[in-house]
Amino acid sequence: MTLECHSEAFPKSINYWTTEKGEIIAQGEKYEPKLLDNAYKVHMKLTIRSVGPSDFGSYKCVSKNSLGDTDGSIKLYREYAHVIQIVCPNNFHLH
């Protein structure tokens, strides 16, 4: 699963991702934050490997510079599959 965030800043900003508890997300086996910047435009990506129940919740992308800061929030939801079961008598035929 990859989350993406875009920002623009001048002077150049410091950029990072946080969990809903406010903890900064570092590179590791579970998370891979990437930053692509071009002058004042920043494209942030956060790849979450092997998504499980503990990964659902809010993530923030944060950009800060000497003039201020901004953030964006992304909520990761669990999607449940709908299962429909049709029970038919043995002599029932569908046409």
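The values are calculated or read from the model by the stated rules, or taken from the named source; none is laboratory data. Note that the structure is predicted; figures quoted are calculated from it, not measured. In this analysis, Cβ positions are derived from the backbone assuming ideal geometry, glycine residues included, and neighbour counts consider all displayed protein chains.
Search region 4-34 for residues being aromatic (F, W, Y) and not in a loop (DSSP other than H, G, I, E, B), and hand back the single one that is farthest from G72 (Cα to Cα).
The selected residue is Y31.
Could you tell me which residue of region 1-52 is surrounded by the most Cβ atoms within 10 Å (Cβ to Cβ), considering only residues that are under 20 Å from L67 (Cα atoms) and among the aromatic types (F, W, Y)?
The qualifying residue surrounded by the most Cβ atoms within 10 Å (Cβ to Cβ) is W17.
Give the number of residues within region 53-81 that are assigned to a helix (DSSP H, G or I) and surrounded by 15 or more Cβ atoms within 10 Å (Cβ to Cβ).
The qualifying residues number 1.
In region 35-52, which residues are more than 13 Å from the chain's Cα centre (by Cα), among the hydrophobic types (A, V, I, L, M, F, W, C) and outside any strand (DSSP E or B)?
A39
If L36 passes every condition in (1) in contact with a strand residue (DSSP E or B) (Cβ under 6 Å, 6 or more places away or on another chain); (2) modelled with pLDDT of 95 or more; (3) among the hydrophobic types (A, V, I, L, M, F, W, C) but one, which one does it miss?
Unmet for L36, out of (1) in contact with a strand residue (DSSP E or B) (Cβ under 6 Å, 6 or more places away or on another chain); (2) modelled with pLDDT of 95 or more; (3) among the hydrophobic types (A, V, I, L, M, F, W, C): (2).
Do any residues in region 56-79 that are among the charged types (D, E, K, R) have Cβ atoms under 7 Å from those of residues that are in a loop (DSSP other than H, G, I, E, B), where the two are at least six apart or on different chains, and which pairs are they?
Within 7 Å, the pairs are K64/S13; R78/F56.
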